[in-house]
Amino acid sequence: MDINYTDRPWMDPEAEPFIKIQSVSKHFGDFTAVDSVDLDIYKGELFCLLGGSGCGKSTLLRMLAGFEYPSAGNILIDGANMNDVPPYERPVNMMFQSYALFPHMTVEKNVAYGLKRDGIALKEVNQRVEEMLSMVELSQFAKRKPHQLSGGQRQRVALARALVKQPKVLLLDEPLGALDKRLREQTQYELMNLQEQLGITFVVVTHDQEEAMTLSTRIAVMDNGRFQQIGTPTEIYEFPNSRHVATFIGNANMFEGRVVENGPDHVIVKSHNPDCEFYVDHGMSIQEGSKVWIALRPEKMKISKQAPDNDTNSIKGMVHDIGYLGGTSTYRIQIEGDRILEITSPNQVRPKDGNPPIDWDEEVYLSWEPSSSVVLTK
């Protein structure tokens, strides 16, 4: 049977990566910012480099742009080695976090600047600027200057200026970091639609987990100059490969324990703090007696005043805090050993008397499905 890899070219064994990062390292004196990383990015992807401050993601982006050169390894774009190619000769453009707009120029002149520097004929410059401003819905602001625009409009001017040169790859360094929450969420979808419309490969650097999850086809989680995990947003969130990834992407309640039973279709992990058993309904290649950790997402846990029917996959506790967020409520539950667990529950039914169904200092039971636990070995 033929498989359609159009939306997931990284799963096609015959697909050729558009960007190849091969054993790339970057040293600044004795400090290693990027430590021998390998990465394939495919044509048309919206790929996110995600990590905390100092993890190496911006350094890697700068090496793609040509502002830094690798200390070791190779960077290839569309089959050509970029190691000795200066920034202005690379088939890439970069949109900076600060936007770096010229304050004395109008919107249309800001967008046209790079084309004029390249010696493009004026007629073509005007046509491409007009088309790009229409695409980012800024045609009516063409004669304004940056200080006369909102933050979101300035962001779109910077995006138009970067895209008007029709690069093969657009590099974006924290592109939405200067926007407020509501505008950032709106702009995420605008950015996705624009990327899909143009078909240009985007590589985005961000420290914002929600932004990476919303925008990207795939994510590379970085820490200490290395990739911790590479995958789709669903893979990274639902199947983290380590405690670092599980706690960095979203929230996770973590339990230490040992494998007491390993069957072909399940694993049982015994935790001593709290004293409970986790029944996981998938087998693993791991020896009984091995030390492991269980990660449980807050939304995967159920909260009730009624005790569950069985002892596995459940914990008793006391409500310590409640955060009412409208559509959801976040409960912080104190369990044995004074540990605090976090549970997120949707508010699907409006209480008749206005009082919450579960209140502070009430005894509650937490439970979860056998498929909800993620077993981690590191």
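Here are the numbers:
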{"quantity": "Choice from 212, 252, 15 with maximal GNM fluctuation in the chain (Cα, 10 Å cutoff)", "calculated": "15"}
{"quantity": "Loop chymotrypsin sites (Phe, Trp or Tyr not before Pro), segment 1-106, which have at most 16 other Cβ atoms in a 10 Å radius of their Cβ (DSSP)", "calculated": "5, 67, 96"}
{"quantity": "When each of 57/316; 181/378; 181/302 is checked by Cα-Cα distance, pairs over 31 Å", "calculated": "57/316; 181/378"}
{"quantity": "Chymotrypsin sites (Phe, Trp or Tyr not before Pro) restricted to DSSP loop in segment 274-378 with at most 13 other C-beta within 10 Å", "calculated": "360"}
{"quantity": "Low-density loop positions, trypsin sites (Lys or Arg not before Pro), segment 255-330 - DSSP coil, at most 14 other Cβ in 10 Å", "calculated": "305"}
{"quantity": "Rounded Å value of the spacing that divides the Cα centres of segment 227-274 and segment 275-327", "calculated": "12"}
{"quantity": "Inter-probe distance in nm under a simple model that places probes 7 Å from Cα toward Cβ, at residue 144 and residue 339", "calculated": "5.3"}
{"quantity": "Mean-position separation - Cα centroids, segment 168-222 and segment 46-114, in angstrom", "calculated": "15"}
{"quantity": "Radius 9 Å from Cβ of residue 369, net charge of other residues (Lys, Arg +1; Asp, Glu -1)", "calculated": "+1"}
{"quantity": "Dipole of the chain, positive direction: furthest Cα of 233, 301, 23, with charges on the beta-carbon", "calculated": "23"}
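None of the figures in this text is laboratory data; all of them are computed from the coordinates on show. Treat the numbers as computed from the prediction; the structure is a model and nothing was measured. Glycine gets a Cβ as well: all are built from the backbone with ideal geometry, and neighbour counts include every protein chain shown.
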